[in-house]
1. Report, in debye and to the nearest 20, how large the dipole of region 438-567 comes out about its Cα centre when Lys and Arg carry +1 and Asp and Glu carry -1 on their Cβ.
2. Taking every DSSP beta bridge that has both residues in region 76-186, what percent is antiparallel when rounded to the nearest 5?
3. I need to check one value: relative contact order of region 76-186, counting alpha carbon pairs closer than 8 Å and at least 6 residues apart, in percent.
4. With the contact rule set at Cα under 8 Å and sequence spacing of 6 or more, what percent relative contact order holds for the chain?
5. Using 0.36 nm per residue of separation minus the Cα-Cα distance, give me the extension gain between residue 70 and residue 325 in nm, one decimal.
6. Could you list the residues of region 173-215 with an amide nitrogen less than 20 Å from a label point located 7 Å from the Cα of residue 159 in the Cα-to-C-beta direction?
7. Expected output is a single nm value to one decimal: the length gained when fully extending between residue 369 and residue 448, i.e. 0.36 nm times separation in residues minus the C-alpha distance. What is it?
8. How far apart, in nanometres, would the label points at residue 86 and residue 287 be if each is projected 7 angstrom from Cα along the Cα-to-Cβ direction?
Amino acid sequence: MPSLHRAVPALRRLRLANTAFQQPTFVVKAAARPTCQLRYQHAEAKYEADASTAASGVDHSPQEQPDRPQFKIKPTSESYPNLKRDSRFKEVTADDVKFFKDLLGSDSAVIDGVTQDASEDLEAFNADWMRKYRGQTKIALKPESTEQVSKIMKYCNDNLLAVNPQGGNTGLVGGSVPVFDEIVINLSRMNKIHTFDDVSGVLVADAGVILQQADDHVGAKSHIFPLDLGAKGSCQIGGNVATNAGGLRLLRYGSMHGNVLGIEAVLPDGTILDDLSMLRKNNTGYDLKQLFIGGEGTIGIITKISILCPQRSQAVNVAYFGLESYEKVQQAFREAKKQLGEILSAFELMDRQSQALYKRASGAKLPLEAEHPFYCLIETSGSNTDHDSEKLNNFLEHVMGEEIVTDGVVAQDETQIHSLWACREGISEAGQHFGGVYKYDLSIPLPQLYDLVNETRERFQNNGLMGDTDDFPVLDVIGYGHMGDSNLHLNVATRRYDKQVEKALEPWVYEWVSKRNGSISAEHGLGLAKKEYIGYSRSETMIKVMKQVKGLFDPVSERCLIVAENW
Ligand code: MLT
Ligand code: ZN
C-alpha cells in the first residue's frame, strides 16, 4: 500500500489535470454531422441519434478535414489482379432485374445499374470506408422480410448468381463489399425491433437494426447491448453477429458467441433456418448458430437475432492515463484487474503516435497537456456509486503513488466520459484520414504485444518508405487496441495505397504473429484482406473441415463461394 502522504498529492494531481481538460472540438450534435464522414456515412442506413446520443461522442468525426486527400477508389480487381472472377457465375440480366423488382415490389428496393446507369447510387454499396476496396456490382437489393431474402437466395442459387450480403458496410477487411459483380443484398430495410423483455434481458430484432438504435432501445429499460464499438451509429447488429465483432467492452461482456441466444438465417438455397431461441440453456445437439456467428456470411445470411442484454450499470467512471513505458501499462493492467475486479469494464491501450495522429486528424485537444509514450483508458461500470468510487480512488492512489502512471484525468460527468472515449474511438478514423491505412487486428500474448509495433516502425524507418513529405507513402505507424483482450490494432497510416508498403508488411506481420501463437484476426474477421492468410492461424485440418462445412451449406459453390467472397 502506498503511504497516504504519497497518495493524496497524487490524487490532487489527477483532479488538477481534470480542470485543464478541454472537450475535443468534434463532439457535435447529430444535426451538424459533417458530410465528409466516411465510415458513418453508408447508404441510407444512418441512425439519427437523439440529442443525448449525439453528445455521446459516437459521431466523433472531425468537423473539417481540409487536408484529407480525395481520390477515386480503384476497383479491387485492379488492385489485386490475381483475383479472378469465377466464370461459372452468370452476369445479371434485365430478366433477373425484372424478377427482383416484381419480388421486392418497389423500385427503391432495387438499385438497378443493369438496365440503366446507376453508378453513383451504387457507389455506397461498392466502396468500403477505408477506400481500399471497391466492387463492381450493378445491382443492390434491399429486401424487407426474411421471406424476400429467402426468395432472392433461391433464385440466385438456381440461376448461379453470386451474392454479397451487406450490413452497415463498416467492416475493416473488405468483406462487406463485392469484389466483382456480385449482387449486393443489403439488410438496411430489415430494421424492426420485435421484442425486449426486461426481466430476462432478451432482445429479439431484425439483422438490419443499427447497433446504436438497439442499445438505445434496451437502454430505455436500463439494459445495455453487450457490444459497443466506434461505428455503432452505422453498423448493424446482424453484421456484428456475422463477424463476431469484439469492440470496446468484450473484457466485461464477452463475445457474441456467448451473448447471442438465437438466430434466424437464410441458407444459400433459400431455406430459412429458424433457430431464434430465447433460451440460455439448450443442450440438444450441435449448436448450429455458432457457425453463423463469425461465419462472415459465408454459409447464410443472418436475418434476425435474439441476444441477452445485461443490466446497464448505474455508476460509470472513466480515467485516461499517460504512462512512460509498455512495462508500466502492463503493471497498470495487472493492478486494474486486482483492485477493480468485477467493476472493470474496459482497459484500452493507445500509444503516443496514435494519439498524435488522432489529434492531427480531428483537431481535438488531448486530455493531458504533456506527451507520454503510452496512454490507457480505463472504464469501470458498477451498481453502487459509493462502492465504485472508493475502489477507483484506491486504485488511482496506488497507480499514481507507485508511479505506475505518470499523469491522468478522471471524467467528472457524462460529457467528459464521452470525450475521453472519443480519444480512443477516434483513432480508427484518424488512421485513414490522410489517405489510406493498412490495418492489422491481432491477438498477441500480452508481454510481446507492443514489440510488433516497435519492429514495424523500425522496418519503415529503415526501408525509406516513411517520412514527413508527400514523397513517402507512409506517414506513421501506430499501435492501440483492447489491452484487456490481448488485442493489438497495428495501423500503418499512409498517404496513398502502395504495393511497396503492402509488401513490406505482408506476410511479415502474419509470420511474426504466427511465431508467437497469436491470431492474424482477433475481431475483424478474414474478409477479403486476410482470407489467403488463414493458414497462419489455423491448421490444414481445421481449414479442411471449414471447407467441408461450407460445402454442406452451399454445395452449389463448394470451392468458389456463392455467399460472400470470403475464405
Ligand atoms: C477499434 O477498436 O477501434 C477498431 O476495431 C480498430 C480499427 O478500426 O482498426
Ligand atoms: Zn477493435
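We did not get these values from a lab; they are worked out from the coordinates using the rules stated. None of the values given here were measured: they were computed from a predicted structure. Don't worry about glycine lacking a Cβ; one is built from the backbone with ideal geometry, like all the others, and counts go over all protein chains shown.
1. On the way: 16 positive and 19 negative charges, 94 e Å.
Here region 438-567 has a charge dipole of around 440 debye.
2. Here the antiparallel bridges make up roughly 40 percent for region 76-186.
3. Working: 173 pairs, mean separation 34.1, N = 111.
Computed value for region 76-186: 31 percent relative contact order.
4. With pairs under 8 Å counted, the relative contact order is 17 percent.
5. Details: separation 255, 0.36 × 255 = 91.80 nm, distance 3.68 nm.
Net length gain for the segment: 88.1 nm.
6. The answer is 178-187.
7. 25.6 nm
8. Result for the modelled spin labels: 3.0 nm.
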